[in-house]
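Single-structure report; data block below.
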Amino acid sequence: RRTQQIYMGDPDQSIYAFRGATNAFSFLDDLAYYSLTTSFRFGRHIAALAERILDAAGTHLPIRVLPRQIDRVVTAHEQCPDPSVILTRSQQQVLDTALGEHTRGRKVAIIGNLEAARLQQLGTLAADVYALREGQQPPRLAKFSSFQTLKWYAEKKNAAQLRIAVSLVERYGDRVPDLLETLRSEVVPQDQADVIVSTAHAFKGRQGARVGIAGDFRPFATAHSS
């Protein structure tokens with residue numbers, strides 16, 4: 001009974017709210033709150049940018065960093081043409097970015113749910129989606145009367161794999177299975193890669209020397225400067 005109890009967490013990372021998860025901190029009364037604000041992962045420039053983002057979100061949180069960390073923030077691709085890590089918001093963007101980097105001749109590693117077996121499954125699914133769009137009726141998609149019905153269902157039910165397959169077919173057509181198979185066969189382990197592609201969520205807790213932010217974060221960015 002005399003042992004101090006400490007609750008740790010981040011109410012802004014309630015990523016499973018769609019499954020019914022709630023912020024447990026809202027049920028804890030009469031407690032002193034302390035913020036962990038010191039980071040050893042980056043320097044003062046990234047810290048300043050993070051503070052601006054937090055301020056824009058309505059949360060002021062001063063971030064302290066260790067003085068020996070040296071960092072730099074750039075806003076043009078030309079200033080960091082070959083990042084060692086590229087972070088995305090979605091798995092769809094992981095695929096787009098990985099395909100793009102592979103086309104550039106770079107060795108690509110992928111962190112997250114799109115390992116080789118998943119890429120193969122996605123290629124098979126995309127082939128069926130393409131067939132449905134062309135007026136055929138693949139057995140796996142027999143319950144969908146048309147490509148538009150399938151697309152509506154994927155968006156309405158937030159069916160991730162279907163959404164990715166639909167998006168790929170809309171852009172690459174019947175080339176999707178071959179593109180994914182090429183990527184699957186060419187993906188390398190992280191220690192052999194020129195670039196690691198990952199969602200920001202899957203990359204949490206890791207570090208990179210030159211980190212690029214993918215274009216699907218753009219809706220959260222602003223052109224305003226201070």
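The values are calculated or read from the model by the stated rules, or taken from the named source; none is laboratory data. Here the structure is a predicted model, which means the values were calculated and not measured. Note that we place each Cβ from the backbone using ideal geometry, even for glycine, and neighbour counts take in every protein chain shown. All accessible areas refer to the heavy atoms of the entire protein, side chains included, with ligands and DNA or RNA removed. Shrake-Rupley method; radii C 1.70, N 1.55, O 1.52, S 1.80 Å.
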Quick tally, 1.4 Å probe accessible area for 199, 3, 75, sorted with the most first, runs 75, 3, 199
At most 16 other C-beta atoms within 10 Å and a DSSP loop state: those are the exposed chymotrypsin sites (Phe, Trp or Tyr not before Pro) I care about. Give me the longest piece of the chain that has none.
41-226
Measuring from its Cα centre, segment 82-226 shows a charge dipole (+1 at each Lys and Arg Cβ, -1 at each Asp and Glu Cβ) which, in debye to the nearest 20, is 480 debye
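Evaluate 2.2 N^0.38 Å with N set to the residue count of the chain, then give the Cα radius of gyration divided by it. Please list the in-between numbers first.
Numbers: Rg = 21.4 Å, N = 226, 2.2 N^0.38 = 17.3 Å.
So the chain has a normalised radius of gyration of 1.24.
Taking all protein chains as present, what is the carbon and sulfur share of the accessible area of segment 73-226, in % to the nearest whole number, probe 1.4 Å? Display every interim value, and only then the final one.
Working: 4390 of 9010 Å².
That fraction is 49 percent.
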Among the lysines, which have Cα under 21 Å from the Cα of residue 156 when same-chain residues fewer than 8 positions away are ignored?
143
Report, in whole Å, the centroid distance computed from the Cα atoms of segment 187-222 and segment 74-113.
7 Å
Placing one identical point scatterer on every Cα of segment 1-62 and ignoring solvent, what is log10 I(q)/I(0) from the Debye formula at q = 0.18, 0.20, 0.24, 0.26 Å⁻¹?
-0.90, -1.02, -1.15, -1.19
Helix-only [θ] at 222 nm, the chain, -39500 (n - 2.57) per DSSP H run of 4+, per residue, nearest 500, equals -11000 deg cm²/dmol
Compute the length gained on full extension between residue 57 and residue 217: take 0.36 nm times their separation in residues and subtract their Cα-Cα distance, giving the result in nm to one decimal.
56.1 nm
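Carbon and sulfur atoms: what percent of the 1.4 Å accessible area of segment 1-58 do they account for? Could you put the intermediate results ahead of the total?
Values: 2950 of 5450 Å².
Here it works out to 54 percent.
As a test of the definition: which semi-axes, in Å, follow for segment 30-134 when you take the square root of five times each eigenvalue of its alpha carbon gyration tensor? Largest first, please.
Values: eigenvalues 281, 82, 35 Å².
Over the Cα atoms of segment 30-134, the ellipsoid semi-axes are 37, 20, 13 Å.
Could you provide, to the nearest whole Å², the per residue accessible area of the chain with probe 1.4 Å?
Working: 15760 Å² over 226 residues.
Averaged over the residues of the chain, the accessible area is 70 Å².
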What list of ³J(HN,Hα) values in whole Hz, one per residue of segment 147-162 in order, does the Karplus curve 6.51 cos²θ - 1.76 cosθ + 1.60 (θ = phi - 60°) give from phi, with Gly and Pro shown as x?
4, 5, 5, 4, 4, 4, 5, 4, 6, 5, 8, 6, 7, 4, 5, 5
Extension reserve of the residue 5-residue 201 stretch, reckoned as 0.36 nm per residue once the Cα distance is removed:
67.7 nm
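Considering every Cα-Cα pair within segment 100-226, what fraction, in whole percent, is farther apart than 23 Å? Please list the in-between numbers first.
Details: 3456 of 8001 pairs.
Above the 23 Å cut-off, segment 100-226 has 43 percent of its Cα pairs.
FRET efficiency for residue 69 and residue 186, Cβ-Cβ distance as r, R0 = 25 Å, nearest 0.05?
On the way: r = 34 Å, r/R0 = 1.37.
The calculated FRET efficiency here is 0.15.
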Scan around residue 43 for amide H atoms under 5 Å from its own, H built in the peptide plane at 1.01 Å from N, and keep only partners 5 or more places away or cross-chain.
71
May I ask which residue of 91, 188, 48 lies farthest towards the positive end of the charge dipole of the chain, with charges of +1 (Lys, Arg) and -1 (Asp, Glu) on Cβ and the Cα centre as origin?
48
Set the Förster distance to 25 Å, then compute FRET efficiency between residue 170 and residue 124 from the Cβ-Cβ distance, nearest 0.05.
0.90
